[in-house]
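Working notes, structure below.
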Amino acid sequence: MTGAGRILTIARNAFRESVRDRVLYNLVLFALILVAASIFVSQLSVAQESKFIADLGLAAMLVFGALIAIFVGVGLVYKEIDKRTIYNMLSKPVHRHEFILGKYLGLCVTLAINCAVMTGGTVLALMYVNGGRSHLAVSVLPAAYLIFLELSLLIAVALLFSSFTTPLLSSLFSFAVYVVGQFSGDLRLAASLTPSLVVRALLRVSYYIVPNLSNFEYISEASKGEVLRYAILARATIYAVVYTGILLSLTVVIFERRNFK
């Protein structure tokens with residue numbers, strides 16, 4: 001079996017594991033929330049109701065996806081070590097970088113299905129409210145794509161921390177990166193306003209190290225029906241690919257040097 005074949009096999013097993021862990025059950029919760037919200041806002045005007053549904057659908061997609069990316073992502077490596085199945089796997093002709101890439105791709109597939117189903121549910125809800133046609137449906141699609149890019153990057157963050165620390169600390173660190181990354185643009189502004197040289201240096205370092213997740217924020221604009229330019233989509237895609245590549249490379253380097261004895 002080639003290296004690509006081994007990576008795909010590991011990815012397939014990681015996807016099956018996430019299904020066994022009932023990760024995709026959050027889709028049922030999402031559907032219930034969307035139906036309940038539609039009933040709750042039924043007294044609003046069509047425009048207001050459509051905006052609310054678009055906001056709710058995309059926000060739920062981001063929140064549920066972030067929870068999966070962090071809490072499932074940090075357990076991808078730890079479970080194998082805790083159950084000692086990592087020894088059997090690495091004793092076979094499987095390289096450690098193939099193990100990391102396979103786990104990453106497996107969870108990405110899970111979140112891709114998660115985002116696709118949630119996007120479809122949101123679009124159908126919008127079309128139902130608007131009698132079969134909705135201009136917001138076109139805006140929701142690129143917003144959902146950007147959310148998936150953000151979640152894919154967040155998986156890489158979770159994998160990086162899980163490669164050298166405990167699941168609890170990995171979850172805390174990943175969540176901190178997620179929160180700080182949402183306000184990454186404000187770090188630079190805060191650095192320019194603070195009089196302390198030390199604080200200014202720390203803020204600037206954080207600005208360049210922590211991923212700027214605001215590059216993927218388009219929920220508010222999508223709910224207003226604004227059309228996203230292709231240049232923004234391309235820039236966000238390149239940013240996500242490059243940053244994820246760096247994170248996965250660091251994860252592989254750390255994991256290669258880790259002693260499991």
*So is Val210 in contact with a Ser or Thr (Cβ under 7 Å, 6 or more places away or on another chain), aliphatic (A, V, I, L, M), buried (at least 16 other Cβ atoms within 10 Å of the Cβ) and more than 30 Å from Lys51 (Cβ to Cβ) or not?*
yes
*Does Val179 fit the bill of being in a helix (DSSP H, G or I), loosely packed, with under 15 Cβ neighbours inside 10 Å and at pLDDT below 80?*
no
*Under 7 Å by Cβ, and 6 or more places apart or on different chains, what pairs join a residue from the range 228-255 that is closer than 19 Å to Tyr104 by Cβ with one that is among the hydroxyl-bearing types (Ser, Thr, Tyr) and part of a helix (DSSP H, G or I)?*
Ala240/Ser152; Thr244/Ser152; Leu248/Tyr104
*Subset of the range 215-261 that is among the aromatic types (Phe, Trp, Tyr) and not in a loop (DSSP other than H, G, I, E, B) - its residue that is farthest from Val74 (Cα to Cα)*: Tyr230
*Would you please name the residue that is nearest to Gly102 (Cα to Cα), looking only at residues in the range 218-242 that are crowded, with 18+ Cβ neighbours inside 10 Å and not hydrophobic (A, V, I, L, M, F, W, C)?*
Tyr218
*Quick one: in the range 1-32, of everything that is buried (at least 17 other Cβ atoms within 10 Å of the Cβ) and within 29 Å of Met127 (Cβ to Cβ), which residue is modelled with the highest pLDDT?*
Phe30
*asked:* On the basis of being closer than 30 Å to Asp55 by Cβ and exposed (fewer than 15 other Cβ atoms within 10 Å of the Cβ), does Arg258 make the cut?
replied: no
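Matching residues to (1) surrounded by fewer than 20 Cβ atoms within 10 Å (Cβ to Cβ); (2) touching a residue at least 60 places away in the same chain (Cβ under 8 Å); (3) under 30 Å from Glu226 (Cα atoms); (4) not polar (S, T, N, Q):
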position	(1), (2), (3), (4)
Glu49	no, yes, yes, yes
Leu58	no, yes, yes, yes
Ile86	yes, yes, no, yes
Gly106	no, yes, no, yes
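Residue by residue, here is whether (1) buried (at least 20 other Cβ atoms within 10 Å of the Cβ); (2) modelled with pLDDT under 85 holds:
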residue	(1), (2)
Met61	yes, no
Val77	yes, yes
Met127	no, yes
Ile147	yes, no
Leu151	yes, no
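The values are calculated or read from the model by the stated rules, or taken from the named source; none is laboratory data. Note that this is a predicted model, so its numbers are computed, not measured. FYI the Cβ positions are ideal-geometry reconstructions off the backbone, even for glycines, and counts take in every protein chain you see.
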